[in-house]
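The values are calculated or read from the model by the stated rules, or taken from the named source; none is laboratory data. Just so you know, these numbers come straight off a predicted model, no measurement behind them. Because the Cβ atoms are built from the backbone with ideal geometry, glycine has one as well, and the counts that use them run over all protein chains shown. To get the accessible areas, we keep the full protein, side chains included, count just its heavy atoms, and leave off ligands, DNA and RNA. Shrake-Rupley method; radii C 1.70, N 1.55, O 1.52, S 1.80 Å.
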Amino acid sequence: RTRSKEFVRRLVSENKIDTSDLIYPMFVIEGTNRVEQIESMPGIVRRSLDKFLKEAEEAHELGIPAIAIFPNIEPSLRNAEGSEAINRDGLVPRAVREIKKHLPELGVMTDVALDPYTNHGHDGLLSDSGYILNDETIEVLCEQALACAEAGADIIAPSDMMDGRIKVIRDALEEESYKDTVILSYAAKYSSKFYGPFKDAVESAKFFGNKTKDTYQMSPTNKLEALHEVAMDINEGADIVMIKPGMPYLDIVSSVKEAFKIPTFVYQVSGEYSMLKGAIARGWLSEEVIKESLISFKRAGADCILTYSALEVAKNL
Ligand code: PBG
């Protein structure tokens, strides 16, 4: 009976998607008037700052609360230390300043991790044997976070999965009097093949080859470990935690929200986006699967979704 008519289906509906549930991840490049297609992400492009601003403005006008910025920097600026990540005049800090100047009310989130800046494609510094150096990496990440905060980023989002970095970044932000800067921790980030198209987008794929991040990102086999990771990051000072990827990890979203009752975000990553878009383009699935995928996150307990579909979904709401 409660399914018999549209009005009653609406009345008993338990979840809904609203523009305020969305964060739009965007890719920025140097130059002016440049737009580059990302082949493995249909409909998603990299833009120079002028074009980037226009797209951000559209997101803002549609009511999307925040965007996330990812850079694709020149290969010549990438090195083993990822030193461009801490350049206070680098592409990301400049992008943040421009957005804050023109769209002060739009939330701006920046990633903290070294992979777009290293010539090996890893998120941190490596020992001679190629093992990730946790503590040395944290020092660089801390500088990167401060560079973003100084530029005006509202949300600092460490996606690197080093241990202990949230506390160090929080302390540094407090010390430099960035007391209101939000830390969104990619707390349970899995070592996932669903990030493939993103590596094309920031062009870290050609540096990364077929290596893995298994020594610092989580194993897809584990769930209890995700709860430990989240607990650590909350204790260290995270305001918001994130689960990533999304659709294959809905059980993690649900358990985290249930256990900690803290703002819990989820990232519908590049591979999930491309998988749906690829099937839609071939006529194998209809457009509605996008919205259905987003409602699954809400049902699992997510408060907000990072999705490359944010703009098109917001247009249809
Ligand atoms: C980098 C980072 C990645 C993503 C966001 N930040 C890639 C990775 O960890 O390999 C992936 C996002 C996506 O696939 O859409 N630390």
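From A85, A95, grab the single residue that is under 20 Å from the mean Cα position of the chain (by Cα), within 15 Å of the ligand (Cβ to nearest atom) and either free of Cβ contacts under 8 Å to residues at least 12 places away in the same chain or assigned to a helix (DSSP H, G or I) (or both).
Working: A95 fails: within 15 Å of the ligand (Cβ to nearest atom).
Among A85, A95, only A85 is under 20 Å from the mean Cα position of the chain (by Cα), within 15 Å of the ligand (Cβ to nearest atom) and either free of Cβ contacts under 8 Å to residues at least 12 places away in the same chain or assigned to a helix (DSSP H, G or I) (or both).
Cβ-Cβ contacts under 7 Å between residues 6 or more apart (or on different chains), taken from a first residue in region 147-174 that is open to solvent by 40 Å² or more (accessible area, probe 1.4 Å) to a second residue that is among the small types (G, A, S), are listed as D154/G107; K167/G237.
All of (1) part of a loop (DSSP other than H, G, I, E, B); (2) surrounded by fewer than 16 Cβ atoms within 10 Å (Cβ to Cβ); (3) in contact with a strand residue (DSSP E or B) (Cβ under 9 Å, 6 or more places away or on another chain) hold for I262 with one exception: (2). A single entry from V230, V256 fulfils the requirement of being more than 15 Å from the ligand (Cβ to nearest atom), in contact (Cβ under 8 Å) with a residue 60 or more places away in the chain and part of a helix (DSSP H, G or I): V256. Annotation note: Cβ proximity below 7 Å between a residue of region 109-131 that is farther than 30 Å from H60 by Cβ and a residue that is open to solvent by less than 10 Å² (accessible area, probe 1.4 Å) and hydroxyl-bearing (S, T, Y) (sequence gap 6+ or interchain) occurs for G121/S204; G124/T137; L125/T137.
Kindly indicate the residue of region 171-200 that is under 23 Å from A302 (Cβ atoms) and assigned to a helix (DSSP H, G or I) and also farthest from the ligand (Cβ to nearest atom) among those meeting that condition. So that I can check it myself, show each step before the final result.
Going residue by residue through region 171-200, those that are under 23 Å from A302 (Cβ atoms) are 181-198.
Next, from what is left, pick out any that are assigned to a helix (DSSP H, G or I): 193-198.
Numbers: K193: 10, F194: 6, Y195: 4, G196: 7, P197: 7, F198: 3 Å.
Result: K193.
Exactly one residue among Y216, Y267, Y249 is aromatic (F, W, Y), in contact (Cβ under 8 Å) with a residue 60 or more places away in the chain and open to solvent by less than 10 Å² (accessible area, probe 1.4 Å), and that residue is Y267.
Conditions tested, residue by residue: (1) hydroxyl-bearing (S, T, Y); (2) open to solvent by 70 Å² or more (accessible area, probe 1.4 Å); (3) out of contact with any Pro (no Cβ under 7 Å at 6 or more places or on another chain).
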| residue | (1), (2), (3) |
| --- | --- |
| E74 | no, yes, yes |
| R78 | no, no, yes |
| L91 | no, no, no |
| V96 | no, no, yes |
| H102 | no, yes, yes |
| D111 | no, no, yes |
| D115 | no, no, yes |
| T118 | yes, no, yes |
| G124 | no, no, yes |
